[in-house]
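Following: one structure in structure tokens, then a few remarks.
Nothing in this text is a laboratory measurement; each read-out follows from the coordinates by a stated rule. Note that the structure is predicted; figures quoted are calculated from it, not measured. All Cβ positions, glycine included, derive from the backbone under ideal geometry; neighbour counts span all protein chains shown.
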Amino acid sequence: MSDFPLAQTLRDARRKQGLTQEALGNRLRIPQTHVSAMEAGTVDVRASTLIAWTRALGLELLLLPREVVPAVQFLKKEMAKPEPNTARPSQPLYGSTEMDDDEEDEPAPRP
């Protein structure tokens, strides 16, 4: 595996989407062998190819000032956390657990 974390991230995104290198190559109009080399980090990828590669996977390439990277990483971790179950246990809508179906619902008398 490459020491190029971006290539590894893009490979993982491709796999998560169930795409083969060949299918990604078709989207990018490049041979599968070139996709393999890009993911392995054995070729230098042009900026335009890198942008097309990320967009073909439904991602966006962003350049950030280094000082905001920790904040972005924090937000990424927070977004990956499952949401806590905020649903309350099943409670009756009315004061009792049984509704009296025998009586007709009548509107409240007007004053």
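Taking the number of other C-beta atoms within 10 Å as the exposure measure, put Leu75, Leu63, Leu57, Leu50 in order starting with the fewest.
Numbers: Leu75 10, Leu63 4, Leu57 19, Leu50 15.
Ordered from fewest to most neighbouring Cβ atoms within 10 Å, Leu75, Leu63, Leu57, Leu50 come out as Leu63, Leu75, Leu50, Leu57.
Express in nm, to one decimal, how much length is gained between Ser48 and Arg27 on full extension, taking 0.36 nm for each residue of separation and deducting their alpha carbon distance. Don't jump to the answer; show the numbers that get you there.
Values: separation 21, 0.36 × 21 = 7.56 nm, distance 1.41 nm.
Result for the pair: 6.2 nm of gain on full extension.
In what sequence do Glu39, Glu78 fall when counting other Cβ within 10 Å, fewest first?
Values: Glu39 22, Glu78 8.
Lowest to highest Cβ neighbour count: Glu78, Glu39.
Ordered by residue, what ³J(HN,Hα) values in Hz, to whole numbers, does segment 23-31 give under the Karplus form 6.51 cos²θ - 1.76 cosθ + 1.60, where θ = phi - 60° and Gly and Pro are x?
Running phi through 6.51 cos²θ - 1.76 cosθ + 1.60 with θ = phi - 60° gives 5, 5, x, 4, 5, 8, 6, 9, x Hz.
Which whole-Hz ³J(HN,Hα) couplings does segment 71-83 yield from phi under the Karplus relation 6.51 cos²θ - 1.76 cosθ + 1.60, θ = phi - 60°, glycine and proline marked x?
For segment 71-83, the Karplus curve yields 5, 5, 5, 4, 4, 4, 5, 5, 5, 7, 5, x, 6 Hz.
Could you work out how far apart the two model spin labels at Leu64 and Arg15 are, taking each label as a point 7 Å from the Cα in the direction of the beta carbon, and quote it in nm?
2.4
Got a sec? How would Ser36, Ser48 order by Cβ neighbour count within 10 Å, fewest to most?
Working: Ser36 16, Ser48 8.
So the ranking, lowest neighbour count to highest, is Ser48, Ser36.
If you place +1 on the Cβ of every Lys and Arg and -1 on the Cβ of every Asp and Glu, how big does the dipole about the Cα centre of segment 5-61 come out, in debye to the nearest 20? Show your work: numbers first, answer last.
Working: 8 positive and 5 negative charges, 30 e Å.
The dipole of segment 5-61 has a size of about 140 debye.
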